[in-house]
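A.B. asks: Questions regarding the structure given below will be posed in turn.
The values are calculated or read from the model by the stated rules, or taken from the named source; none is laboratory data. Just so you know, these numbers come straight off a predicted model, no measurement behind them. All Cβ positions, even for glycine, are placed from backbone atoms using ideal geometry, and neighbour counts span all protein chains on display. Just the protein is used for accessible areas: all its heavy atoms, side chains included, with ligands, DNA and RNA removed. Shrake-Rupley method; radii C 1.70, N 1.55, O 1.52, S 1.80 Å.
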Amino acid sequence: MITSAQMRAARALLGIDQRQLADLAGVSVPTIQRMEASEGTVRGVIETLTKVVEALDRAGVQLIGDNAVSDGGGRGVRLKQP
């Protein structure tokens, strides 16, 4: 669904800190901290993950999954395979 690296990159693109993302998503700051500190794909309560993804979407960030095509133009972040 979303990786910790994507969350950090999304915040960087938006120029917001963890507190601001927590406010946008309606979750606690420790929840955002825990999500961003995880390895790889963020795990947790689906409802909470959905809130964060939807908040990022409303703020203008499109999350791009592995092998997915970015279809709206605009900016994005993707790591190349090593």
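A.B. asks: Show the residue pairs that are 6+ apart or on different chains and have beta-carbon atoms under 6 Å apart, the first residue being within the range 27-39 and part of a helix (DSSP H, G or I), the second being small (Gly, Ala, Ser) and open to solvent by less than 30 Å² (accessible area, probe 1.4 Å).
C.D. replies: Once the first residue is part of a helix (DSSP H, G or I) and sits in the range 27-39, its partners that are small (Gly, Ala, Ser) and open to solvent by less than 30 Å² (accessible area, probe 1.4 Å) give Val29/Ala22; Ile32/Ala22; Glu36/Ser4.
A.B. asks: Starting from residues that are out of contact with any helix residue (DSSP H, G or I) (no Cβ under 7 Å at 6 or more places or on another chain) and more than 16 Å from Val61 (Cβ to Cβ), keep the ones in the range 5-36 and report whichever is least open to solvent (accessible area, probe 1.4 Å).
C.D. replies: Pro30
A.B. asks: Across the range 42-71, what is the number of residues that are in a loop (DSSP other than H, G, I, E, B) and β-branched (Val, Ile, Thr)?
C.D. replies: 5
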